[in-house]
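In what follows, a single structure is set out as structure tokens and then discussed.
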Amino acid sequence: MSQAQAPGPQPVIRVAIEGAYPPFNFIDANNELQGFEVDLLKSLCEAMQARCELVQHEWDGLVRGLLDRQYDAIMSSMEITERRRKRIAFSEPYYRIPAIFIGSKETAPGEVSPAALAGKTIGTTDRSDHETYLREFYKDSQIEVYAKPDEANLDLLVGRLDAVFGDKRLLTRFLASREGSCCHILGDTPKDPAYRHQSYGVGLRKEDEALRERFNRAIAEVQANGTYDQIRAKYFSFDIK
């Protein structure tokens, strides 16, 4: 009777990362990929008991490289959108960016519902999810749009706006700056009406369903056992699950 053979080494999972979007991913002084996504990927690969190879690839052509089988997955802050879903599959989100309202320190933090901000002037970024949300639900507020978030922050600084609504990561960075000392967080997005957070997942070929499930199980595992929060705390002071 022949003995069962020991399983051979698992095939390498090649994962593309841009390396130009700190703190999520960047190339350090030693020309090595670093960042939140790099650290998280290493933990996901441990959870999958898989060997992973990081492939640095510029943003342009990331999806094409995946479809051309230059690598097996993309983990490079790729937002899950309906347009991208037509070409590729995504894992469950491994991070989401919450949105907040900020305003002058002369305004006390508190209610930021549509009713509470009726008659107020709110700035946000043009053609963004944030603008869509405000125009749909904050119909009694005056919405001012800007090409760049910094432009809205400047108008808040000089008193042309009552509030700015946008990406918590970018706005908290502004608040931590010298110019941002004027202002503070007025409140998180209200639960009702709910804001659809920007969600980011691992990009995969549609036919690689088994690999997608492996990533999904690994994401759930590292979030449940505390590993995710330990990594996140190195880069962000707020929850991004």
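Using the Cα atoms of the chain to build a convex hull, what is its mean projected area in square nanometres? Numbers along the way, then the final one.
Numbers: hull surface 67.0 nm².
Value for the chain: 16.7 nm².
Just name one of P93, I122, T132: the one whose Cα is farthest towards the positive end of the charge dipole of region 75-154 (beta-carbon charges, Lys/Arg +1, Asp/Glu -1).
Going by the charge dipole, the pick is P93.
Please compute P(r) over all alpha-carbon pairs of region 201-241, binned at 5 Å starting from zero, and give each bin as a whole-number percent.
Result returned by the calculation: 6, 21, 24, 19, 15, 10, 5, 0.
For region 118-241, what is the per residue volume of the convex hull drawn over the alpha-carbon atoms, in cubic angstrom? Can you show the working numbers first?
On the way: hull volume 17.5 nm³, N = 124.
Cα convex hull per residue, to the nearest whole number: 141 Å³.
Kindly provide the helix-only [θ] at 222 nm of the chain, computed as the sum of -39,500 (n - 2.57) over DSSP H runs of four or more divided by all residues, to the nearest 500 deg cm²/dmol?
That comes out to -9000 deg cm²/dmol.
Consider all pairwise Cα distances in region 16-93 and report the whole-number % of them above 22 Å. Kindly include the intermediate steps, with their values, before the conclusion.
Working: 654 of 3003 pairs.
Result: 22 percent of Cα pairs exceed 22 Å.
Whenever you get a sec, compute what percent of the accessible area on the chain sits on carbon and sulfur atoms (1.4 Å probe).
47
Given the Cα-Cα distance of D208 and K86 and 0.36 nm per residue of separation, how much length would full extension add, in nm? If you can, show how the numbers build up before the last one.
Values: separation 122, 0.36 × 122 = 43.92 nm, distance 1.48 nm.
Answer, rounded to one decimal: 42.4 nm.
What number comes out for accessible area per residue over the chain if the probe is 1.4 Å? Units Å², please. The partial results should precede the final answer.
On the way: 13080 Å² over 241 residues.
Accessible surface, normalised per residue, equals 54 Å².
Using only the alpha carbon atoms of region 129-170, find the Kirkwood hydrodynamic radius as the inverse mean reciprocal pair distance, in angstroms to one decimal.
Across region 129-170, the inverse of the average 1/r is 10.9 Å.
Could you give the longest part of the chain that holds none of the GluC sites (Glu not before Pro) found in DSSP loops with at most 12 neighbouring Cβ atoms within 10 Å? Provide the component values of the computation, followed by the final result.
Details: sites that count: E32, E58, E106, E111, E207.
Longest run free of exposed loop sites: 112-206.
Roughly how big is the chain's charge dipole about its Cα centre, with Cβ charges of +1 (Lys, Arg) and -1 (Asp, Glu), in debye to the nearest 20?
Details: 32 positive and 37 negative charges, 86 e Å.
Charge dipole of the chain: 420 debye, to the nearest 20.
Please tell me which of these pairs span more than 20 angstrom C-alpha to C-alpha: K105/K168; K42/K168; K168/K191; K139/K191; K86/K241; K42/K241? Walk me through the numbers on the way to the answer.
Details: K105/K168 17 Å; K42/K168 26 Å; K168/K191 16 Å; K139/K191 17 Å; K86/K241 25 Å; K42/K241 17 Å.
As for pairs spanning more than 20 Å Cα to Cα, those are K42/K168; K86/K241.
Is there a quick way to get the dipole size of region 1-122? I mean about its Cα centre, with the Cβ of Lys and Arg at +1 and of Asp and Glu at -1; what is the value in debye to the nearest 20? Each step should come with its number before you reach the end.
Working: 13 positive and 16 negative charges, 96 e Å.
Charge dipole, region 1-122, about its Cα centre: 460 debye, nearest 20.
The values are calculated or read from the model by the stated rules, or taken from the named source; none is laboratory data. Just so you know, these numbers come straight off a predicted model, no measurement behind them. Cβ sites come from the backbone with ideal geometry, for glycine too, and all protein chains shown count toward neighbours. For accessibility, only protein heavy atoms count, side chains too; no ligands or nucleic acids. Shrake-Rupley method; radii C 1.70, N 1.55, O 1.52, S 1.80 Å.
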